[in-house]
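These notes concern the structure reproduced below.
The values are calculated or read from the model by the stated rules, or taken from the named source; none is laboratory data. The structure presented is a predicted model; accordingly, all values stated were derived computationally and were not measured. For neighbour counting, all protein chains shown are included, and Cβ atoms are generated from backbone atoms with ideal geometry for every residue, glycine included. Each accessible area value is taken on the protein alone, full model and side chains, heavy atoms only, with ligands, DNA and RNA left out. Shrake-Rupley method; radii C 1.70, N 1.55, O 1.52, S 1.80 Å.
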Amino acid sequence: MATTPPNPAPLRLRLSRDALVANWRFMAAQSGTAACGAAVKANGYGLGAPDVVSILAKAGCRDFFVATWDEAMQLASTAPPGSMAVLHGLRHGDIAAAAQIDARPVLNTMGQVKLWRDAGQGRACDIMVDTGMNRLGISPGDVGSVASAGLNIDTVMTHLASADDDGPQNEAQRALFAAVRRNLPARRHSIANSAGILLGSDYHADLTRPGLALYGGVPRAQAAGYITPVATPEAQILQVRRVQAGEHVGYNATWTAQRDTDVATVNLGYADGYFRAFSNAGHALMGDKHLPVIGRVSMDLVTLALSPHSQITEGDWVAFPYDLPEMSKLSGLSQYELLTSFGQRFERFWV
Ligand SMILES: *Cc1c(COP(=O)(O)O)cnc(C)c1O
């Protein structure tokens, strides 16, 4: 039976290997003597976890953090042996998967500790201690019970709630973790996410866990200029039309032509993560030509103004520069939300 060749997508996410590796190396250097891992949950923050893991493993990364066992399963053939930790720990329903996958649960509750003690067959686990975020993790008062449970503990970690701020919470969490870890021996200790790494050596411990910065996010202002964007949406022009002076473009006619203008309609919209907040605000590039977004961004389409006598035609590709701090300011969305919103219709390709 003949198979039809795949239909080329009219939108693609250009992903830079060099930028990903450079960002990881920068965060590794900022981590001092600590090993530098990578948070690859949520499909590598939307960029494609299998590719991210294979690229960073080649660069020397030996610790990968996912949220769920399903995510671990999808990386089982790519991640180096013993490199994966599952941040959400272990539910009863995860035991069968955990038995087959080379990954450590990060145990968050006394219930999870008991479950792994009984079902883990002596395999290594990690422990998350909650030092004040009050989200996931063992309470400091329960650390003694964890220590006496006879677990094979690889890494004891905590997570900072406000590492991107300068308030007193960082130091409070650091000090509490320093006290707690004395009662919970482990091979390694770990505190810092991307922003936490930039708080300095008091926060580095043995292992760091950056996510955002690897993918081009700037976690604290001091990293601006050192972090390189990794992902750039590109999309194909479906139609070019001449709009007469006084005519409008798009839903609710939010843009009016001041003079006759060539307008390009492009195959990208808010369903792909190019949000309505970029209406009359974002821009695309064709070479060095700046093409402003005009009118409302719709679900599947966005409209751009072309300059007079532009050679740009139907079928051409345009790029949408995606500086995360800038797009975050434009949209009011966090850099994390912007990354994880890149949709399934993109063809993701690494250059
Ligand atoms: C997501 C996550 C990280 C990575 O955080 P970034 O802010 O993206 O660097 C680190 N540790 C834990 C426990 C996480 O959940």
Taking region 47-89 and keeping only residues that are within 23 Å of Leu107 (Cα to Cα) and surrounded by fewer than 20 Cβ atoms within 10 Å (Cβ to Cβ), one is left with Arg62, Ala67, Thr68, Asp70, Met73, Gln74, Ala76, Pro80, Pro81, Gly82, His88
State yes or no: is Thr78 within 16 Å of the ligand (Cβ to nearest atom), of a type in the set (Val, Ile, Thr) and farther than 20 Å from Ala192 by Cα?
no
Give the residues of region 201-227 that are open to solvent by 10 Å² or more (accessible area, probe 1.4 Å) and either away from the ligand (no atom under 16 Å from the Cβ) or not in a loop (DSSP other than H, G, I, E, B) (or both), sorted by residue number.
Ser201, Asp202, Tyr203, Ala221, Gln222, Gly225
Would you mind stating whether Gln236 is of a type in the set (S, T, N, Q) and open to solvent by 40 Å² or more (accessible area, probe 1.4 Å)?
yes
Going by the structure shown, is Asp316 closer than 30 Å to Pro210 by Cβ, in contact (Cβ under 8 Å) with a residue 40 or more places away in the chain and surrounded by fewer than 18 Cβ atoms within 10 Å (Cβ to Cβ)?
no
Could we say that Val129 is within 16 Å of the ligand (Cβ to nearest atom) and either open to solvent by less than 20 Å² (accessible area, probe 1.4 Å) or at negative phi (or both) here?
yes
Lone qualifier among Ala38, Ala42, Ala34, Ala19 - being surrounded by fewer than 20 Cβ atoms within 10 Å (Cβ to Cβ), within 14 Å of the ligand (Cβ to nearest atom) and in contact (Cβ under 8 Å) with a residue 60 or more places away in the chain
Ala42
Subset of region 110-127, residues in contact with a strand residue (DSSP E or B) (Cβ under 7 Å, 6 or more places away or on another chain), of a type outside the set (Gly, Ala, Ser) and not in a helix (DSSP H, G or I), comes to Arg123, Cys125, Asp126, Ile127
Could you list, in sequence order, all residues of region 250-293 that are in a strand (DSSP E or B), open to solvent by less than 10 Å² (accessible area, probe 1.4 Å) and more than 17 Å from Ser331 (Cβ to Cβ)?
Val263, Ala264, Val266, Leu291
Which one of these does Ala245 not meet: (1) free of Cβ contacts under 8 Å to residues at least 40 places away in the same chain; (2) in a strand (DSSP E or B); (3) among the hydrophobic types (A, V, I, L, M, F, W, C)?
(2)
Taking Gly196 as the residue in question, decide whether it is small (Gly, Ala, Ser), part of a helix (DSSP H, G or I) and either surrounded by 20 or more Cβ atoms within 10 Å (Cβ to Cβ) or more than 24 Å from the chain's Cα centre (by Cα) (or both).
yes
Candidate set from region 150-162 (those that are open to solvent by less than 20 Å² (accessible area, probe 1.4 Å) and in a loop (DSSP other than H, G, I, E, B)); member that is nearest to Ser190 (Cα to Cα):
Thr158
